[in-house]
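Notes follow once the structure below has been shown.
The values are calculated or read from the model by the stated rules, or taken from the named source; none is laboratory data. Keep in mind that what you see is a predicted model, and the values were worked out from it rather than measured. Here the Cβ positions follow ideal geometry from the backbone for every residue, glycine too, while neighbour counts run over all protein chains shown. Please note that ligands, DNA and RNA were not included when accessible areas were found on the heavy atoms of the full protein model with its side chains. Shrake-Rupley method; radii C 1.70, N 1.55, O 1.52, S 1.80 Å.
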Amino acid sequence: MVTTAHADRLPSFVDLLLDAVFLVDGGGRIVHVSAACERMLGYTQQEMIGRELFEFLVPEDRARTVEEAGEIVAGRSRIGFENRYVHKDGRHVHLMWSARWSERDRLRIGVARDVTELKHVEAIQRATYAISEAAHEAEDLDVLLRAIHRIIAGLVPVAGLALATCDRRTRKLSFSYQRDCHGKPMALHEPVACDFCAQAICGGRPMHLREAALSGAAAQSGDDGSWLAMPLIAQHDTIGALVLKSDPGIHYSDKDKELLHFVSEQIAIAIDRAQLKADLLRAARYDELTGLPNRRLFNDRIQSVVARCVRNQTRLAVLYIDLDDFKQVNDSLGHANGDLLLQEVARRLQRCVRGTDTVARLGGDEFVVLLEDVHTPEDARGVADKIREAVSHPIDLDTCVLRTQASIGIAVYPEHGQEVERILQHADAAMYADKRNKSLQSM
């Protein structure tokens, strides 16, 4: 039984509640609010009473809150509705409501609980899971970084995101990803941005920059957006830094940085694994010395090109290339000079063909060129002559100047075979025939 004395003290009891009690009239104005509102939103009771509750809402939540209020006024009580309000200091506060309409008093009675910390934990859990899933599903590093961009944009305001990675050997920073909120390239003043990231990495903590120094375009427009560099540390090894840009007038809070800190380790591990996967894939498909496709990748490409030629009734050509007397270079000048020779020959071969063609190193001093959309066999012979000329020019090594020659065998699809194995056998045999002819001519 509530006595008169207790009834008189009821408002003070309400003010002791951790949850805030709001009384809102039919027009949406606050008639009364308990003292807990100041703990939640930073405003005193006097600052809130008489104002519309919607004034304090995060703008993005207004439409659905208006709809929810209409449901309550219509007599449908509600438990568990969530929306966000702007604290007096500018941060967002997540509230969970239980509310009903009093027809007699013509008031909405709402009890609000601050669930910001709960939302913070849930956001970390969701982000951690999403990053793990993205790392598992991403085909390559760029796909992973786009996914991470979307995940971070769901946690904090992001007008742009960039990734600076450390070279595993030199530890030099370079940017491998720069995108704005629309996924378009974002221009950074890279020397300044790298220095900004280096400071964050050296300090081992996030660095805040409240100026537009990282972007020349932003500086000209008077942009006062905020930049945040977040070190990425995977298993005690710093692999780089994330750079986030907020919209003008919005600055990253300590809460934002705390949230990003929790997910940064998962981001770093995911990126580190993606880089390792890319390195392993490249090692499996590209020659380490020259950077050219290796035998495995060449075989994949020629299979695809032959299939296109069959569909489109076009030609391809294969040029087998072998350097004459390469063994003597290794024996007399050493393998280091032999490697320099192979690297220079690889560069010259690439300059002799189109960007759509493939130059591969099969091993040792054997190279192969795959020419797609060849109109006549004479076109292939023209490329072979160009290669012979390019390779024959003097090659300046560290200790000497070398001259070398190339033996080249040509096979054209479909004239010399319609299956990959047959085409390659013809080109190989033609290359050895070219080598024999040169030997006979020199006798």
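Pick out the one residue from Asp339, Asp324 that is in contact with a Leu (Cβ under 7 Å, 6 or more places away or on another chain), more than 22 Å from Glu378 (Cα to Cα) and not aromatic (Phe, Trp, Tyr).
Details: Asp324 fails: in contact with a Leu (Cβ under 7 Å, 6 or more places away or on another chain).
Answer to the check: Asp339.
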Selection within region 3-45 - open to solvent by 30 Å² or more (accessible area, probe 1.4 Å), of a type in the set (Val, Ile, Thr) and either at pLDDT 90 or above or in a loop (DSSP other than H, G, I, E, B) (or both)
Thr3, Val31, Thr44
Scanning region 113-138 for residues that are closer than 15 Å to Lys255 by Cα and assigned to a helix (DSSP H, G or I) gives Thr116, Glu117, Leu118, Lys119, His120, Val121, Glu122, Ala123, Ile124
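Evaluate the following for Thr404: is it crowded, with 18+ Cβ neighbours inside 10 Å and over 23 Å from Leu297 (Cβ atoms)?
Working: crowded, with 18+ Cβ neighbours inside 10 Å: yes; over 23 Å from Leu297 (Cβ atoms): yes.
Taking the combined requirement at face value, the residue satisfies it.
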Within region 233-276, the count of residues that are among the aromatic types (Phe, Trp, Tyr) and open to solvent by less than 70 Å² (accessible area, probe 1.4 Å) comes to 1
Consider Val306 against the criteria (1) in a helix (DSSP H, G or I); (2) closer than 24 Å to Glu419 by Cα; (3) under 33 Å from the mean Cα position of the chain (by Cα); (4) touching a residue at least 40 places away in the same chain (Cβ under 8 Å): it satisfies all of them except one. Which criterion is unmet?
(3)
Within the bounds of region 323-332, is there any residue that is at pLDDT 90 or above and either out of contact with any helix residue (DSSP H, G or I) (no Cβ under 6 Å at 6 or more places or on another chain) or of a type in the set (D, E, K, R) (or both)?
yes
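Taking region 322-374 as the region of interest, how many residues are part of a helix (DSSP H, G or I) and of a type in the set (D, E, K, R)?
Of all residues in region 322-374, those part of a helix (DSSP H, G or I) come to 326-333, 335-351.
Subset that is of a type in the set (D, E, K, R): 327, 331, 339, 344, 347-348, 351.
Of the residues in that region, 7 qualify.
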Neighbours by Cβ (under 7 Å, 6+ apart or cross-chain): first from region 165-190, more than 16 Å from Ala274 (Cβ to Cβ); second open to solvent by 90 Å² or more (accessible area, probe 1.4 Å) and of a type outside the set (D, E, K, R):
Gln178/Pro185; Arg179/Pro185
Sole exception among (1) assigned by the TED database to the domain that holds Ala35; (2) over 29 Å from Glu52 (Cα atoms) for Ala153, by number
(1)
Hits in region 380-408 - residues which are free of Cβ contacts under 8 Å to residues at least 24 places away in the same chain and under 11 Å from Ile321 (Cα atoms):
Arg388
Every pair of residues 6+ apart whose Cβ atoms lie under 7 Å, when the first sits in region 277-292 and is loosely packed, with under 11 Cβ neighbours inside 10 Å while the second is charged (D, E, K, R)
Ala284/Arg296
Looking at region 159-168, can you tell me whether even one residue there is of a type in the set (Val, Ile, Thr), open to solvent by 20 Å² or more (accessible area, probe 1.4 Å), modelled with pLDDT of 80 or more and over 28 Å from Arg91 (Cβ atoms)?
no
Any residue that is at pLDDT 85 or above, within 22 Å of Asp142 (Cα to Cα), surrounded by 15 or more Cβ atoms within 10 Å (Cβ to Cβ) and in contact with a helix residue (DSSP H, G or I) (Cβ under 6 Å, 6 or more places away or on another chain) - is there at least one of those in region 183-200?
no
Which numbered condition Lys277 fails, given (1) under 27 Å from the mean Cα position of the chain (by Cα); (2) not assigned by the TED database to the domain that holds Asp167
(2)
Residues of region 286-344 being of a type in the set (Val, Ile, Thr) and either closer than 16 Å to Leu370 by Cα or assigned by the TED database to the domain that holds Arg388 (or both), in sequence order, are Ile302, Val305, Val306, Val310, Thr314, Val318, Ile321, Val329
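Restricted to region 361-398, and to residues that are of a type in the set (D, E, K, R) and over 15 Å from Arg347 (Cα atoms), which residue is least open to solvent (accessible area, probe 1.4 Å)?
So the first thing to find is which residues in region 361-398 are of a type in the set (D, E, K, R), and the list is 361, 365-366, 372-373, 378-379, 381, 385-386, 388-389, 396, 398.
Those left that are additionally over 15 Å from Arg347 (Cα atoms): 372-373, 378-379, 381, 385, 398.
Working: Glu372: 34, Asp373: 82, Glu378: 107, Asp379: 68, Arg381: 114, Asp385: 91, Asp398: 134 Å².
Filtering first and then ranking leaves Glu372.
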Take the residues in region 274-320 that are at pLDDT below 95 and among the hydroxyl-bearing types (Ser, Thr, Tyr); name whichever of them is nearest to Lys435 (Cα to Cα).
Thr290
Could you check region 330-346 and list, in sequence order, the residues that are open to solvent by less than 20 Å² (accessible area, probe 1.4 Å) and either over 10 Å from Glu366 (Cα atoms) or in contact with an Asp or Glu (Cβ under 6 Å, 6 or more places away or on another chain) (or both)?
Asn337, Gly338, Leu341, Val345, Ala346
